[in-house]
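The block underneath contains the structure these notes are about, expressed in structure tokens.
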Amino acid sequence: MLKQRIITALILLPVALCGFFLLDGAAFALFIGLVVTLGAWEWARLAGLVAQPLRIAYAAVVAGALMLLYLMQDLAPWVLGASVIWWALATWLVLTYPRSSELWVSAACRLLIGLLVLLPAWQGLLLLKHWPEGNWLILAVMLLVWAADIGAYFSGRAFGKRKLAPQVSPGKSWEGVYGGLAVSLLITLGVALYRDWSIGSLLLGLLGAVVVVMASVVGDLTESMFKRREGIKDSSNLLPGHGGVLDRIDSLTAAIPMFAVLLWAAEWGVM
């Protein structure tokens, strides 16, 4: 298993880095759209669709929605606004699971939720790419999430006692969350010192990092909640040793749109 994980990572990492940082415009949108469409195919399984034709049809619907959003860029604020509302609701759904599952048990509801999970992440990346220092912004949000994941893993293993959401993901603890937050905040502080931020900008940056990291935790737990409801361990086996696409981007689906909204509110870019 470890060998598979390493081989897959060595293949995917350069592809991902080239796609994120070397592509622009329509090519970038298409590259990210392909990842999201694969995620949609996996999400259809989480929504209870087992038959391949139905899963492919849902992926095609998501691909069509991405094309529509690309052509109608004025919809971006609405898409990201809907994302903020969804992730706030998702936080409550995770904390009250399994009782909350009664509200989204139908396949139609879960398919709609899939749109709220996937479309804003794509939209957020496109906005970040077009804003000043776009590549660095994309790297920043990914670094925040990855650092939080690593910090949470080691902190949870060393100090984890209080379960974060035992009905959803028994292995995660509050101590892990605090450890992940600490690492992300240290990175944010380092960036602030390097770029000579003012005290006000530093405080806003630290607050923004907390919001983004907590959103990433909710994104991770939300996918876990839907997988637990379906009784499956991984979203698919597309990535040997890693599970599926959603298993790799679940945290980012929440963190990216939240990061974009915060930067927009700070007048970094224009929607």
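Where a number appears in this text, it was derived from the coordinates with a stated rule and is not lab data. Just so it is clear, the structure is predicted and the values come from calculations on it, not from any experiment. Virtual Cβ from ideal backbone geometry, glycine too; neighbours counted across all protein chains shown.
Rank-order 45-54, 199-208 by packing density, defined as the average count of other C-beta atoms within 10 Å over each peptide's residues, highest first. Walk me through the numbers before you get to the answer.
Values: 45-54: 15.6, 199-208: 13.8.
With the highest mean Cβ count within 10 Å placed first, the list reads 45-54, 199-208.
I'd like the Karplus ³J(HN,Hα) series for the stretch 244-260: coefficients 6.51, -1.76, 1.60, θ = phi - 60°, whole numbers in Hz, and an x wherever there's a Gly or Pro.
x, 4, 4, 5, 9, 10, 4, 5, 5, 4, 8, 5, 5, x, 5, 4, 5
Apply the Karplus parameterisation 6.51 cos²θ - 1.76 cosθ + 1.60, with θ equal to phi minus 60°, to every residue of the stretch 133-144 and state each ³J(HN,Hα) to the nearest whole Hz, in sequence, with x for glycine and proline.
Values per residue, Gly and Pro as x: 6, x, 4, 5, 5, 4, 5, 5, 5, 5, 5, 4 Hz.
Kirkwood Rh and Cα-based Rg: tell me the resulting Rg over Rh for the stretch 166-271, rounded to two decimals.
Answer for the stretch 166-271: 1.05.
How long is the gain from A51 to I85 if the chain were fully straight, where each residue apart is worth 0.36 nm and the alpha carbon distance is subtracted?
Numbers: separation 34, 0.36 × 34 = 12.24 nm, distance 3.10 nm.
Result for the pair: 9.1 nm of gain on full extension.
Could you work out the local net charge near R45, counting Lys and Arg as +1, Asp and Glu as -1, over the other residues with Cβ closer than 15 Å to its Cβ?
Taking every other residue near R45 into account, the sum is 0.
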